[in-house]
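A short write-up of the structure that comes next.
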Amino acid sequence: MTTKEFLSYMNSRQEVIAFSKVHLKMTELSNEAMRITAKLNNAYHTPGEIKALMEKLTGREFPEGAYMFPPFYTDCGKNLIIGKNVFINSCCQFQDQGGITIGEGTLVGPKTVIATLNHHQNPSKRANLLPKPVAIGKNVWIGANVTILPGVTIGDGAIIAAGAVVNRDVQTNTVVGGVPAKYIKDVETEE
């Protein structure tokens, strides 16, 4: 199975059967991601070196103005799309096999976890995986220690308070926080 075929399957949101061709490709890509992130995380790198490692990890251009503070962890990298001027702070963990898109100008706080896979609830199928993408809009601010669960969409301009667990969609220009995350107020857009 090629990486392109794998991504197409994962983006179709079909169940991944344990030990299937898709599951084996998932393991192969995870091993590749571990090799690349080990290089990224275990020495100082210039911005240019970080860009090159992220391009190798994702298989696409690391966009203009995007930056990160390692360490950074992912189980794949190939299903991660990052917009221009995105900042990813240290110790983030992205489970991108189910697909993560981060819009332009978004700020991701330290120790953010983004998950895109669930296991099957049926114990006899527990090793099977259910992919659901996470979509983060433009100019979103994600605080420290936030967890974003599979299938969530976060609207443009939203703010996710530190420590929140986001298990449902977040509306544009709103502030949410808590466990589970709930609406707090609208974002102040006046200057």
So, of the residues in region 7-33 that are in contact (Cβ under 8 Å) with a residue 40 or more places away in the chain and surrounded by 18 or more Cβ atoms within 10 Å (Cβ to Cβ), which turns out to be nearest to residue 98 (Cα to Cα)?
10
Looking at (1) over 16 Å from the mean Cα position of the chain (by Cα); (2) open to solvent by 30 Å² or more (accessible area, probe 1.4 Å); (3) closer than 25 Å to residue 28 by Cα, which one does residue 60 not meet, given that it meets all the others?
(1)
Yes or no: region 34-41 includes at least one residue that is open to solvent by 10 Å² or more (accessible area, probe 1.4 Å), of a type in the set (Lys, Arg) and in contact (Cβ under 8 Å) with a residue 40 or more places away in the chain.
no
Test for residue 156: is it among the charged types (D, E, K, R), surrounded by fewer than 16 Cβ atoms within 10 Å (Cβ to Cβ) and either farther than 30 Å from residue 16 by Cα or in contact with a strand residue (DSSP E or B) (Cβ under 8 Å, 6 or more places away or on another chain) (or both)
no
Select from region 168-186 the residues that are over 15 Å from residue 136 (Cβ atoms) and not in a strand (DSSP E or B) and write down the one among them that is most open to solvent (accessible area, probe 1.4 Å).
179
Pairs where the first residue, in region 68-84, is over 13 Å from residue 41 (Cβ atoms) and the second is among the acidic types (Asp, Glu) and part of a loop (DSSP other than H, G, I, E, B), C-beta under 9 Å, 6+ apart
83/104; 84/64; 84/104
If you go through region 79-94 one residue at a time, how many are surrounded by fewer than 21 Cβ atoms within 10 Å (Cβ to Cβ) and either closer than 16 Å to residue 151 by Cβ or not β-branched (Val, Ile, Thr) (or both)?
8
Quick one: which of 64, 15 is closer than 26 Å to residue 140 by Cα and of a type in the set (Asp, Glu)?
64
Output for region 33-67, where each listed residue is in contact with a helix residue (DSSP H, G or I) (Cβ under 6 Å, 6 or more places away or on another chain) and hydrophobic (A, V, I, L, M, F, W, C)
36, 40, 53, 57, 62
Residues of region 93-120 that turn out to be in contact with a Phe, Trp or Tyr (Cβ under 6 Å, 6 or more places away or on another chain) and among the hydrophobic types (A, V, I, L, M, F, W, C), as a count:
3
For region 106-146, how many residues are open to solvent by 20 Å² or more (accessible area, probe 1.4 Å), in contact (Cβ under 8 Å) with a residue 12 or more places away in the chain and of a type in the set (S, T, N, Q)?
3
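The values are calculated or read from the model by the stated rules, or taken from the named source; none is laboratory data. Keep in mind the model is a prediction, meaning the values are calculated, not measured. Note that we place each Cβ from the backbone using ideal geometry, even for glycine, and neighbour counts take in every protein chain shown. For the accessible areas, the whole protein counts, side chains as well, though only heavy atoms, and no ligand, DNA or RNA atoms are used. Shrake-Rupley method; radii C 1.70, N 1.55, O 1.52, S 1.80 Å.
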